[in-house]
Structures are given as C-alpha cells and as structure tokens.
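For reference, the structure is listed below as structure tokens.
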Amino acid sequence: MPIHELANRPHRPVVPTVRTEPVQERSVTRIDALLDAAAEVVDQVGFDRLTTAMVAERAGASIGTVYRYFPDRIALLQSLRERATYRYRLLAVERIELLKPASWDAVVDLTIDAYADMYRCEKGFRITRFLDTERGGTRTPFDESQLDFFAKLAANILVEDYALPQGDELVLRLACCAEIVSSLVGRAFAAPGTAADERFIVEARRMVRAYLGSYYS
C-alpha cells in the first residue's frame, strides 16, 4: 500500500466493534466522545478497572447511549484500542512523508519515536497493551492482525523506498520488531503519571536496528 493511501484516509474511521453502524456524522461524533471519555478513564484508573458506567458519567451520557454502540466494556476497550493504533499508524506515515528519512534505519527510529510520542500525547494509548483476559485469556485479534498489518505496511515502504528485498521474510522480521517495540516502549510507560523510563526506548531502537541490520546491512 503506497504511503499516501493511508495518509489520506479519514481521521475517524468506522470502528467495527460498535453495536450500531455509525452512518450519520452525529453518530460518529458521539462514538468519538465516548471513546475520548474511555481514554480519560483508562489514564485515570487503568483499563482493567474501567466500567461502562464510568465512561457514561465522564462523557455526560446515559448508560443506554453507551450500550447503543458497545455491547459491553470489552467491545468499548477494543474499539478504543483500534482507534489508538490507527492514529499511531497515521502519525508514523505522516512523519515518513514529511521527513523523508534517508535510510531504512532512520525509518525505524522515526516509527519508534512516533510510538513513544503516542504514549506521551494520546490519552488512553496504553490501551494498545490490553489483552482480552475476560474472554478466555487468549490473545485478541489485534495482537495478530494489527501487528501483521503494520509489518506489511512497513515492508511496502522499505521495499519501495529503501530497496530492501521483498518477501515473507521481511514481513516476519518486521512483525518481530513490532513485538519488541510494543513490549519495550510499553514498559517505558508502565507507570501512569510518571516520566517515561527512556532507557527502554533507547534499547528498543538498539535491538531493532541490530536485528534488522544483521539481515540488511
């Protein structure tokens, strides 16, 4: 997928886990407001303690309004996570478009920095580490499909603009990098309300550069 195709997508995509399809702009705005409220609650009490009642109160909406779009708290959290990861992808792509890094390792640094900046600036971004433990304790579709999507997108960029060899091996290695970055940068911001432990971000860059460099240097 060319970079500009993702960069030009709407900033508020329809979230597939909502109960009611938001065909009207008013509905989309209402869903955004509910997700904004959920993000604030996540930052305040954590996603494990979030309830639909908390979100309704924070949004100034009725509990019925919440359930109109989200069947339960898990669907609400999944939708918040999808929005957060979409915004991260958009930010990373826009920075690549703007800065035009000279090398693939500069792209790596840029995407890691963008990920860390989302933790700093995007309310509720820690939801990206949410696991669906309330429905069987298994990894949710996000953990596979979203990381794989990002790996395939990054592979397209690195093949088209930085001449890395195309193939499933590149996608696999980038998926491994996404796992590393998700874990280490998430660890850097593990304590809400405190400054990031920058050491983990530094090590994430070092590990990803070294790992990919062993194949593509």
Notebook entry, point to check: Which members of the range 163-217 meet the condition of being open to solvent by less than 80 Å² (accessible area, probe 1.4 Å), modelled with pLDDT under 90 and over 18 Å from the mean Cα position of the chain (by Cα)?
Noted result: A191
Notebook entry, point to check: Restricting attention to the range 94-122, and to residues there that are part of a helix (DSSP H, G or I) and acidic (D, E), which single residue is surrounded by the most Cβ atoms within 10 Å (Cβ to Cβ)?
Noted result: D105
Next item on the list: Being out of contact with any strand residue (DSSP E or B) (no Cβ under 9 Å at 6 or more places or on another chain) and within 15 Å of V41 (Cα to Cα) narrows it down to one of A92, A84, so name that one.
Entry: A84
Note to self: Give all pairs with beta carbons closer than 9 Å in which a residue from the range 75-86 that is in contact (Cβ under 8 Å) with a residue 40 or more places away in the chain meets a residue that is acidic (D, E) and open to solvent by less than 20 Å² (accessible area, probe 1.4 Å); count only pairs at least 6 apart in sequence or on separate chains.
What the structure shows: L77/D132; Q78/D132
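Condition check ((1) open to solvent by less than 10 Å² (accessible area, probe 1.4 Å); (2) at pLDDT 85 or above) across all residues:
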residue	(1), (2)
I3	no, no
H11	no, no
V14	no, no
T20	no, no
D43	no, yes
L50	yes, yes
Q78	no, yes
Next item on the list: Report, ordered by the first and then the second residue, all pairs with beta carbons closer than 9 Å, sequence separation of six or more or different chains, a first member in the range 194-205 that is in contact (Cβ under 8 Å) with a residue 24 or more places away in the chain and in a loop (DSSP other than H, G, I, E, B), and a second member that is surrounded by fewer than 16 Cβ atoms within 10 Å (Cβ to Cβ) and of a type in the set (K, R).
Entry: A196/R120
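The values are calculated or read from the model by the stated rules, or taken from the named source; none is laboratory data. This one's a predicted model, so the numbers in the text were calculated from it and none came from an experiment. We place every Cβ from the backbone using ideal geometry, glycine too, and count neighbours over all the protein chains shown. Side chains are part of the model used for accessible areas, which takes the heavy atoms of the whole protein and leaves out ligands, DNA and RNA. Shrake-Rupley method; radii C 1.70, N 1.55, O 1.52, S 1.80 Å.
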